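Everything below concerns the one structure shown next.
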Amino acid sequence: MPPAALLAAALLVSGATTADAAPAAPATSVFPANPYAGPPGTATMHGDTGSSDTTPLAGPGAGRLSSKLNGLLSACPTVLVGSDDYPVALCTPILGQVPTVHLLDPHSGASLASLTLTKGSLLGGVYAYIDHQDRLVVVDGSRSLLRIGHHRDDAGAWRLTVDKSLSLAAAVPADDAVTGLSPDWQGRVWFATGGGVVGTADDTTSTVRSTRLPAGERIANSISTAPQGTAVTTTHATYLLTAAADGTPRVSWRQPYDRGSARKPGMLSWGSGSTPTFFGPTDGTDYVTIVDNADSSVALKVYRTSTGESVCSVPVLLASHGPGSENSPIGAGRSVYVAGTYGYPYPAVPEGAGDSVPASAPFAGGLSRVDVRPDGSGCDLVWDNTVRSAAVPKLSTADGKLHTVLRDPLIPGTTGTSLLDPYRYAEIDPSTGKVLRSKLIGIGALYDTLQMAGTVAPDGAYLQGTVTGVLRITAD
């Protein structure tokens, strides 16, 4: 589709409006369950180890929406739930910024127990996952791979403990930090560092193997694992890696992308902001997708997982005029959804991220849907709008809705941001991009969801991290 036609299609849906009609059900995500991860939809920040950002759980029901902010005096980017239904949050306190794990009450969201970890880099310790034994797996600032369990003592009190630990110091330099990790189908833990090291760790044999990607390529987001291998997107290219017999990572394919001329406002690195997403109509792993960082407009890039062959490159986020996304795309069936973050006012960026060009910009937002054609010959933009998502949206294949939090401007009709902006939980129709219903959850900086991912809990509650704690959104 030529650019003019894409722009015309974008203008067909140019804003978020309220509607009462039920959405058409999206294609069911069939990403395979990883035997070494927790339940699909709640095991990782992006739902599963393929980072599909889908969930098989239905969100809040049709009743009256309500929300409660459980204040933890911390930013909580990761809220996961194991098979025992207990949420586990990985948070960074405002004071001291020492990563802290919280076990949350599944009914109220209150903290039942906490455990502090060794402090590392800004993004170190942000990404974690729940394993098949309901333990949080994370790498702390000492470069140790930890499995953190939650246990009840004889008096009924909960406690969090490090049940297993393996040092990665032999593979991770002292001036580096792990930014992403995910288990493979053999039980190894893959990890990637900001400096471009990719490795595997087997904490049953204490074996650690690693390789370094080309000099100058940094890894600023998490990684994704599927039966075919591990997808890693650096600040220059997307890779699929597999492991040799001894666990040493090796590159199966590499696809460079347009990283633009500089970091943009609303981006945390100079390059793609995507954790790569596996998706597809046959087994949920047919394709890998990211969003590039081209200067004038960004494009969704789709590759065949088996070969790395390019399927398409489609301009997205056209209606919002916001060329940038720090969020992982959502992938379900043949459909991909992209939320824009251009201009989002992050309070801090990682060390070495570089200055943004321009120095700042209004928060543009934007949400786009792209479908891969049934014959795999290319992709088409289905809709494109100006919805301003302030969080990583999640697609429920159970209720057929996109769930997220919107950040509205203090002055309607503008694109600026302020410390008094209102925030709304919203459910969006994936077939049209229109907001089906929404609920004000708070006004002001305490409710800033800072482009963090939400999680649908087994009881339907939507758990959303903020800069001060965890929101619990429910329906009566």
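Every read-out reported here was derived from the displayed coordinates using simple, explicitly stated rules and does not represent laboratory data. Given the structure is predicted, the values throughout are model-derived calculations rather than measurements. Cβ placement follows ideal geometry from the backbone for every residue including glycine, while neighbour counts extend to all protein chains displayed.
Both radii are taken from the alpha-carbon atoms of segment 162-296; with Rh as the Kirkwood radius, Rg/Rh is 0.98. Note on the chain: with charges restricted to the Cβ of Lys and Arg (+1) and Asp and Glu (-1), its dipole about the Cα centre is near 420 debye.
Full extension of the segment from His107 to Ala445, taken as 0.36 nm per residue of separation minus the current Cα-Cα distance, would add 119.1 nm. Relative contact order, whole percent, for segment 207-294 stands at 25, derived from Cα pairs under 8 Å and 6 or more residues apart. Once the Cα-Cα distance is subtracted from the 0.36 nm per residue extended length, the Ser83 to Thr116 segment shows a gain of 9.5 nm.
If I stretch the segment between Ser310 and Lys68 completely, what's the gain in nm (0.36 nm per residue apart, minus their alpha carbon distance), one decimal? Intermediate values should be presented prior to the final figure.
On the way: separation 242, 0.36 × 242 = 87.12 nm, distance 4.43 nm.
In short, 82.7 nm is gained.
Between amide H atoms placed 1.01 Å from N, distances below 5 Å from Cys312 occur with Val302, all of them 5 or more places distant or on a separate chain.
Sort 311-319, 239-247 for me by packing, meaning the mean count of neighbouring Cβ atoms within 10 Å per residue, highest on top. Don't skip to the end; give the middle numbers.
On the way: 311-319: 23.0, 239-247: 16.4.
Highest-to-lowest ranking by the protection proxy: 311-319, 239-247.
For segment 41-152, a simple Cβ point-charge model (Lys and Arg +1, Asp and Glu -1, everything else neutral) yields a dipole of about 280 debye relative to the Cα centre. Dipole orientation for the chain: of the candidates Ala475, Pro256, Ser306, Pro256 has the Cα lying most toward the positive pole (charges on Cβ; Lys, Arg +1; Asp, Glu -1). Taken over the alpha carbons of segment 62-155 as equal point scatterers, the Debye sum produces base-10 log I(q)/I(0) values at 0.19 Å⁻¹ of -0.90. Computed packing ranks the peptides 154-160, 231-237, 137-143, 433-439 as 231-237, 137-143, 433-439, 154-160, most packed first, by mean other Cβ atoms within 10 Å.
Taken over segment 263-367, the convex hull of the Cα atoms encloses 96 Å³ per residue. Per residue, the chain reaches -500 deg cm²/dmol at 222 nm when only DSSP H runs of four or more residues are counted, each adding -39500 (n - 2.57). Label-to-label distance for Asp459 and Gln97 is 3.5 nm, based on points extended 7 Å past Cα in the beta-carbon direction. Taken along the Cα-to-beta-carbon direction at a fixed 7 Å, the label points for Asp258 and Asp246 span 4.3 nm. 3J(HN,Hα) along segment 398-407: 8, 9, x, 9, 8, 10, 6, 10, 9, 10 Hz, from the Karplus curve 6.51 cos²θ - 1.76 cosθ + 1.60 with θ = phi - 60°, whole Hz, x for Gly and Pro. Spin-label model, Thr211/Asp371: points 7 Å from Cα along the beta carbon direction are separated by 3.8 nm.
When you count, for each residue, the other Cβ atoms within 10 Å and take the mean per peptide, how do 266-272, 373-379 rank with the highest first?
Numbers: 266-272: 25.0, 373-379: 12.7.
Ranked from most to least packed, the peptides come out as 266-272, 373-379.
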